[in-house]
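**Q** Before I ask anything, let me first share the structure, which is written out below as C-alpha cells.
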Amino acid sequence: MGREGTTGRVVRLVGWAVWLSLPSVSCRGAEVAGVVRMPDVCSPSVSPAVVYLAPAARKVASVPRPPGAAGDRSGRSEPVVVHQRGLQFTPRVLAIALGQPVRFTNEDGETHNVHVQSTDFPLNQSMAPGQHLDFTPDHPGVMMLTCDIHSHMRGFVVVSPTPWFQVCSPEGRFRLEDVPDGHYVLTVWHEMGPPLRRKLDVVEGQAPELPPLVLSGPTRVAGGSSQDVMPVRPWSEVLDQITVKLAASQEAALRPGERARALRLAEDAYWVEFEASDMETAVRRHLGYERTGELERQFRAFRAAVRDVADRRRPSSVLTELSHNLLLDLISVTRQLHAKGVTDRSRVDAVAAATADPGAASTGPQADPRVLLRALRQGFDRVGQTAERQGPDEAASELTRVYWDEFEPLERYLMGRSPQTIKPLEARFHALRGDLYAGLKGAELTGRLDRLAHEVNDLVDQLEARPAGTFGTAFLESLITIVREGVEVILVLAMLIALVAKATPEAGADARARATRTIWWGVGIAAAASVATAVALNLLVSSTAGRARETLEGLVMLLAAGVLFYVSYWLVSQAEAQRWMDFLKQRARRGLEWGGRGTLALTAFLAVYREGAETALMYQALLGSQGQTRPGVLGLAAGFLAGLVVLSAVAVLIRATSVRLPFRTFFQLSGMFLFALAIIFAGNGVFELQNADILLTTHLNWLGKGLPIAGLYPNLQVLAVQGLLLAGALLAWAVVPRGSLSGSRAG
C-alpha cells in the first residue's frame with residue numbers, strides 16, 4: 001500500500017504540472033453533454049457506454065482538476081465496488097479515474113476468481129465467499145474481468161486518463177463538467193463494438209453542441225438466408241450475452257412504458273443468442289431433445305413472467321428466480337457440451353453426436369401431424385391479425401409464442417424422422433421475426449406465412465408418402481442396433497461360459513452346471529432390470545430422463561469397470577496351468593459357491609444390464625420413428641430376430657475358439673480383454689457422470705476429439721481415471737508371481 005500511495009502521488013504531481021501547462025484554464029470550465037445511441041442488441045441498461053475526454057495533442061497519465069474544484073475525483077481514495085453476486089459481476093460496466101482503487105467482493109456462496117484478461121493489468125486472484133480484494137490500476141485502459149471458475153462471467157472497468165468521464169445512463173445521456181479550454185478527443189467505449197472518437201474544442205468556457213453519437217452493434221457475417229449470422233463464439237460468450245439480455249429485460253419490465261422492449265429483450269435472449277448461436281442445435285444433437293425442451297420451457301416461462309411483471313400482476317422477484325435457475329441450467333449444459341468437445345458452433349457437426357434422445361419422436365394421438373399442422377396455421381393467422389391490430393412488437397412476440405406452442409410439437413415429430421430439416425425451418429422463423437420487428441405486415445406478411453406453412457406441410461407430406469417405417473429401413477436399423485449392442489455382451493458372456501467349461505473333472509459336472517446356471521440367472525435379472533429401468537426413466541421421471549439415465553449408466557459403468565478390473569487381474573494371475581488346476585480343486589470342494597459363482601453372476605449381470613438398458617431405450621426410439629406402419633413394425637421385429645441369430649453364431653464361434661485355446665493363452669487373452677473393457681467402462685462412466693453434471697469437466701484441447709471408442713474423452717477427469725487404472729494394472733502385473741508364469745505349461 002505504501003508503494004501504491006507513492007505512485008499515486010507521483011502520478012498526481014505529474015498530472016498537476018501538465019494541467020498547469022494547459023492553455024486558458026479557468027476555475028469553472030465548460031460542460032460537455034450529449035447522448036449515445038446504441039442498437040437494442042447492446043442492452044444499454046445493463047451494458048452501458050462509457051464516455052471520457054483526453055487532450056488531443058498530449059499523452060499524459062492523468063489530468064486532474066485543481067484541488068477543491070467541483071466534482072474533483074482524482075484525489076479520491078475510497079474504492080469503488082464491483083460485486084460478484086448471482087454468478088455475475090455487478091455492475092457489469094464501471095468507470096474510474098486513474099489512481100482510484102477498485103474493490104472486488106464475493107457475495108456468492110461459492111469460490112470465484114477475478115482474472116483481468118487485459119495483459120497490461122496483472123490481476124488473477126481467487127476469492128472465497130465473503131472475501132474482498134482491492135486493486136489500484138497504475139495506467140489508463142480497459143480492464144476486462146472474467147472468472148476462471150465460471151467462464152461466462154464478464155465485467156469491464158474503464159480506467160480514464162482524465163477526470164472527465166462518465167458511464168452513460170440507460171438512455172445514453174452523459175454530462176462532463178468543468179472542462180478547461182483546449183483541444184480534446186471524446187472517446188465513446190462499449191464492450192460490443194469498436195470505440196467511437198470525435199474531436200472537439202472548448203473555447204472561452206464554451207463547448208460545442210454534440211449531435212447524437214451512434215455506435216455500431218456487434219459485427220455480423222452475412223449468411224445464406226435473409227438473416228444475419230453471428231460469428232463463431234465460444235459458449236461462455238453466448239451464455240454471457242444471454243444473461244445480459246435477461247437482466248436488461250428484467251430492468252425494462254420495471255420501467256413504465258417499456259413492456260414491449262422488455263418482451264423483445266427476453267425473446268432476444270432465446271432467438272439472437274441461444275438459437276442463432278447454434279447452442280440450441282448443439283444441446284439437441286448432443287444432449288438430447290428432452291434437455292433442449294426443458295431449456296425452451298424456461299425461456300418461455302421467463303418471457304411470460306416479464307409480461308406479468310410489466311403488467312404489475314407479479315413481483316419482480318419471480319424474474320430474478322427464473323433467470324437464476326435458467327442460468328444454472330445453461331452453465332450445466334455448457335459444461336456437458338465442453339465434455340463432449342463441442343466448444344462452439346463450429347464443433348457441432350465436427351464432433352460425433354450422441355445417441356438420439358428416445359423422446360425425440362413422440363407417439364400417440366398428440367403427435368398426429370395433421371392436428372399439429374392445423375394448430376400451426378391457426379397460430380400464423382394470429383400473427384397476421386396481431387400485426388394489423390397491435391403493431392410490430394406484439395406481432396413478433398406472437399410469432400415467438402407460435403414457435404414455442406405450435407411449431408415445437410411439429411419439430412419434435414420431425415426430429416424423429418428428418419432431423420436435417422429442423423435447422424432451415426428455425427432459420428425461417430428467425431428471419432420472419434426480424435422482419436416483423438421491421439414492420440412487415442399486410443399481404444407480404446400473409447404471403448410469407450403461407451409459404452412457411454406450405455413448406456412445413458409439404459415436408460410432412462413427403463415423410464408420410466415415404467414413411468420412415470418401410471420394411472427394409474426398419475429391418476436394417478433394427479439389425480444394426482441389436483448386433484452393435486449385443487456383441488460386447490456376447491464377448492463377456494462367452495468368456496465366462498468358456499471359463500466354466502474349462503473346469504476339469506475334479507471340479508465336478510454338478511459344480512459346473514451350478515456355475516452356468518448362476519451366469520444365466522445374472523443374465524435374466526439384468527434383462528428384467530434393463531426393461532424396468534427404461535420404463536421407469538421414460539414414464540415415471542420423463543422430465544429428468546436424460547440426467548437420470550446418464551447418472552445411472554455412469555454409476556453402472558464405474559461399478560462394472562471395478563469388477564472387470566478385478567476379474568482381469570484374477571485371470572492373469574491364474575494363467576499357469578498347475579495354479580489353475582489347484583484353484584479348481586479348491587473350488588470343487590466348496591461347490592464353486594460364493595467365491596467363484598458370485599463373481600461370475602455379478603460380471604454377467606453388469607455386462608448385460610449396461611447394454612440392455614441402453615438397447616431398450618434405443619428400440620423405444622425406433623418404435624417411435626420406424627414403427628408407425630405395419631411394414632415398419634415387421635421390419636423391426638425381423639431385424640431383431642435376425643440380430644439374435646447373428647449374435648448366437650458369434651457366441652458359438654467365440655466359445656468354441658476359446659475352449660480350444662491352451663489354458664495360459666486363454667486366461668491371458670481373457671484377462672487383457674476384460675482389462676480393456678474396464679478401461680473403456682471407466683472412461684464412459686466418468687463421461688456419463690459429467691454429462692449429468694455430477695462431476696466437473698476440465699477440457700483438454702490438445703487431446704482433440706479424444707478416442708470415444710476407447711472411452712477416452714478430451715478432459716482431465718476421464719484421462720486421470722483411465723490413467724489410474726492403467727497404473728494399477730502395471731502394478732498388478734508386477735506383483736503377479738513371475739515364477740508361476742514361467743513354470744509348468746501344461747495343457
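**Q** When the distances between all Cα atoms of the stretch 222-465 are binned every 5 Å from zero, what whole-number percent does each bin get?
**A** For the stretch 222-465, the binned pair fractions read 1, 6, 14, 17, 19, 18, 14, 8, 3, 0, 0 percent.
**Q** Also: Please work out how much length the chain gains when fully extended from Arg382 to Asn457, using 0.36 nm per residue of separation minus the C-alpha to C-alpha distance, in nm with one decimal.
**A** 25.2 nm
**Q** Subtract the Cα-Cα distance of Asp368 and Ala443 from 0.36 nm times their separation in residues, and report this length gain in nm to one decimal.
**A** Additional length available on full extension: 24.0 nm.
**Q** Please give the FRET efficiency for Lys423 paired with Leu700, using the beta carbon to beta carbon distance and R0 = 22 Å, rounded to the nearest 0.05. Walk me through the numbers on the way to the answer.
**A** Details: r = 29 Å, r/R0 = 1.33.
FRET efficiency, Lys423 to Leu700: 0.15.
**Q** Just grab the label-to-label distance for Arg173 and Ala528, each label 7 Å out from Cα along the Cβ direction, in nm (one decimal).
**A** In this crude spin-label approximation the distance works out to 7.6 nm.
**Q** Using label points projected 7 Å from each Cα along Cα→Cβ, tell me how many nm separate Leu724 and Val652, to one decimal.
**A** 4.4 nm
**Q** Using the beta-carbon distance between Ala56 and Arg389 and R0 = 45 Å, what value does 1/(1 + (r/R0)^6) give for FRET efficiency, to the nearest 0.05?
**A** About 0.25, to the nearest 0.05.
**Q** Under a plain spin-label model, where a point goes 7 Å from the Cα along Cα-to-Cβ, how far apart in nm are Val185 and His115?
**A** My value for the distance between the label points is 3.1 nm.
Values quoted throughout were computed directly from the atomic coordinates according to the rules given, and no laboratory measurement underlies them. Keep in mind the model is a prediction, meaning the values are calculated, not measured. Positions of Cβ are generated from backbone atoms using ideal geometry, with glycine treated the same way; all protein chains shown enter the neighbour counts.
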